[in-house]
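Here is the structure we will look at, set down as structure tokens.
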Amino acid sequence: MNSAQIIQTLRREIKKQSTPANLMNYQQFHKEKLAEPKGLRTPVLRKISTDVFKTLKTLPAKDILDIGDALHESGMRYARFFAVEWAIKVKKHYAPGEFKRFELWLKKYVNNWGACDHLCCGPIGNLILQFPELEKKREPWTRSKKLYVRRASAVSLIVPVSNRILLSEVFQTADVLLMDREDLVQKGYGWMLKEAANEFPDEVFDFVLKHRGRMPRTALRYAIEKYPADMRKRAMAKD
């Protein structure tokens, strides 16, 4: 089955599943106005993804990722979702060169926080986990003019730091993003720190105490969410 046939199959399955019971209002999760606020529920999309992938699973990983490129280029609704889901399924077969592909997906096609996090906690995060030296290619994202690329600079470190690597890069990233005006970026690096705290609680808490005077409260609340109440109170106390 070629890319055009796969896209046709997906369109057919999407149409079949687009019943009122399977739809939800995605606008409730986004501040920015969505072009199509109603859409299929995630479990429904995952079932379509799993069923169609059964016809592709014998293909080499590179072919699966090439299909992901075609999906993105198709402009089909949910194309990003399927491309990322299928990329996750072949994560054990990534090569370092895939960073360029995933970076293109991020910069050209991601336009909301959900798509950003799906890509970063899936393909990009797992690629950096396997090849930590690629982190250096991610670092310039912290200074991007695009808010979702800046958010990605933090969220893409969640998988590696959850596997106990790249803690210093987590702190460097939080330093750069510390005073970012966009709350979605603040929440992104706050989430990164929260996940880092699972493995490095003392180090993250020290970082928070050192920067709490300048860190926006949104980011601070995310970062300390899993600490005991007395530590949260200490972190939130005003000097």
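Pairs linking a residue in segment 212-239 that is closer than 19 Å to Asp175 by Cβ to a residue that is in a helix (DSSP H, G or I) and among the basic types (Lys, Arg), with Cβ atoms under 8 Å and 6 or more positions apart or on different chains, are Thr218/Lys187; Ala219/Lys187; Tyr222/Lys187; Tyr222/Lys194; Ala223/Lys194; Ile224/Lys194; Ile224/Arg232. A search for C-beta distances below 8 Å between a residue of segment 1-19 that is open to solvent by 40 Å² or more (accessible area, probe 1.4 Å) and any residue that is of a type in the set (S, T, N, Q) and modelled with pLDDT under 95, counting only pairs 6+ apart in sequence or on different chains, returns Met1/Thr55. Of the helices (runs of 4 or more DSSP H) lying entirely inside segment 112-194, those carrying at least 3 residues that are modelled with pLDDT of 95 or more and β-branched (Val, Ile, Thr) are 158-162, 167-177.
In segment 68-92, the residues that are within 21 Å of Gly125 (Cα to Cα) form Cβ pairs under 8 Å with partners that are open to solvent by 50 Å² or more (accessible area, probe 1.4 Å) and modelled with pLDDT under 95, at six or more places apart or across chains, as follows: Lys89/Lys57. Within segment 164-186, residues that are touching a residue at least 40 places away in the same chain (Cβ under 8 Å) reach partners that are open to solvent by 70 Å² or more (accessible area, probe 1.4 Å) with beta carbons closer than 7 Å, at six or more positions or on different chains, in the pairs Leu178/Arg214; Leu184/Trp113. When Tyr109, Tyr94 are checked against the criterion of being open to solvent by 40 Å² or more (accessible area, probe 1.4 Å), at negative phi and among the hydroxyl-bearing types (Ser, Thr, Tyr), Tyr109 stands alone in meeting it.
Out of the residues in segment 193-229 that are aromatic (Phe, Trp, Tyr) and over 20 Å from the mean Cα position of the chain (by Cα), which is surrounded by the most Cβ atoms within 10 Å (Cβ to Cβ)? Step by step, filter segment 193-229, then rank; the result is Phe207. Scanning segment 138-149 for residues that are under 17 Å from Leu104 (Cβ atoms) and either surrounded by 15 or more Cβ atoms within 10 Å (Cβ to Cβ) or of a type in the set (Val, Ile, Thr) (or both) returns Arg138, Trp141, Ser144, Tyr148, Val149.
Do we have any residue at all in segment 150-164 that's of a type in the set (Lys, Arg), open to solvent by 20 Å² or more (accessible area, probe 1.4 Å) and touching an Asp or Glu at 6+ places or on another chain (Cβ under 6 Å)? Scanning segment 150-164, I find at least one residue that is of a type in the set (Lys, Arg), open to solvent by 20 Å² or more (accessible area, probe 1.4 Å) and touching an Asp or Glu at 6+ places or on another chain (Cβ under 6 Å), so the answer is yes.
The values are calculated or read from the model by the stated rules, or taken from the named source; none is laboratory data. Here the structure is a predicted model, which is why all the values come from computation and not from measurement. Ideal geometry is used to build each Cβ from the backbone, glycine not excepted, and the neighbour counts take in all protein chains shown. Side chains are part of the model used for accessible areas, which takes the heavy atoms of the whole protein and leaves out ligands, DNA and RNA. Shrake-Rupley method; radii C 1.70, N 1.55, O 1.52, S 1.80 Å.
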